[in-house]
Structure formats: structure tokens, C-alpha cells
1. State which residue pairs qualify: first residue under 17 Å from residue 73 (Cα atoms) and among the aliphatic types (A, V, I, L, M) and inside the stretch 84-111, second residue part of a loop (DSSP other than H, G, I, E, B) and open to solvent by 20 Å² or more (accessible area, probe 1.4 Å) in any location, beta carbons under 7 Å apart, and separation of 6 or more residues or different chains.
2. Within the stretch 116-130, can you find the residues that are over 10 Å from the mean Cα position of the chain (by Cα) and open to solvent by 20 Å² or more (accessible area, probe 1.4 Å)?
3. Would the stretch 19-40 turn up any residue that is hydroxyl-bearing (Ser, Thr, Tyr), modelled with pLDDT under 90, in contact with a strand residue (DSSP E or B) (Cβ under 7 Å, 6 or more places away or on another chain) and not in a loop (DSSP other than H, G, I, E, B)?
4. Quick one: in the stretch 76-114, which of the residues that are open to solvent by less than 20 Å² (accessible area, probe 1.4 Å) and part of a loop (DSSP other than H, G, I, E, B) is modelled with the highest pLDDT?
Amino acid sequence: MNLTGRLLRAVAAVAALALVAMFVTSYWGHYREATGPSRETTATAGSSESTGGDEPGEAGNGEADSQTVLVLTDGLNFRKSPEKNGKLIRGLKKGDELAYLETDGDWFKVRASDGTEGYVTSSDKYTELQ
């Protein structure tokens with residue numbers, strides 16, 4: 001009986017560890033998807049290319065210009081296209097506010113204060129539409 005009890009405790013401990021590892025791996029994957037590798041975040045920080053910032057209300061209504069997207073984490077990727085592997089414009093900082101233009105799937109199309117337009121994840125872990 002003693003051996004069986006120890007074996008059951010060991011199996012329970014391994015199962016608990018496996019669950020924790022799965023949770024951490026999943027969370028880390030979502031975090032890396034939104035922020036990308038840190039070496040990328042400064043790769044093109046000087047870029048200020050705009051993709052048509054002269055047209056306010058691109059989202060189809062005047063209300064969109066008054067909404068903002070708040071960045072909730074340092075190093076959030078600001079991308080040229082609404083794709084996980086889209087070309088990086090630059091990394092953003094926690095607290096940055098971006099003008100909301102529209103939603104494209106799991107991405108917000110936004111405009112930075114310098115006029116640069118691009119995309120950030122719409123995940124509520126990393127951004128907040130205000």
C-alpha cells in the first residue's frame with residue numbers, strides 16, 4: 001500500500017507539472033506572437049512611412065477618429081500588415097496611445113502620433129480599445 005500511495009503521488013505531481021508547463025508554454029506563445037523577439041523591436045525604429053494617413057475616417061465613420069488603442073505591454077510589435085509575420089515597423093511602449101482606424105480580424109489598424117499607419121494585435125492582453 002505504501003508503494004502504491006507514493007506512486008500515485010508521483011503520478012499526480014508529474015501530471016500537475018505537465019499542466020503548468022502547458023499553461024506557461026501557451027501564455028508565452030501568445031506573448032511572443034504579440035511582442036516578437038526583442039532584437040526586432042528596434043530594427044526599424046526610425047521608420048516613419050505612412051500608408052495613407054491623409055484620409056481621416058478610413059474605418060468608414062467619423063467616430064473611429066476619436067477612438068484610441070492603448071498599448072498594455074512594452075515591446076508590442078507595430079506591423080505593416082495584419083499578420084503575425086508582417087514586416088515590423090517598430091516596437092511600441094506600454095502606455096503608447098494610437099489612433100484607431102479599423103479592425104481587421106484579430107488586428108487593429110492604427111495611426112501613431114507621427115502619422116505612421118500599421119497594425120497591432122487586438123488581443124486584450126496587449127491592447128485596449130478606448
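The values are calculated or read from the model by the stated rules, or taken from the named source; none is laboratory data. Keep in mind that this is a model prediction, so the values were computed, not measured. In this analysis, Cβ positions are derived from the backbone assuming ideal geometry, glycine residues included, and neighbour counts consider all displayed protein chains. Please note that ligands, DNA and RNA were not included when accessible areas were found on the heavy atoms of the full protein model with its side chains. Shrake-Rupley method; radii C 1.70, N 1.55, O 1.52, S 1.80 Å.
1. Pairs found: 88/40; 88/43; 88/44; 89/44; 89/47; 89/80.
2. Matches in the stretch 116-130: 128, 129, 130.
3. yes
4. Applying the filter and picking the extreme gives 112.
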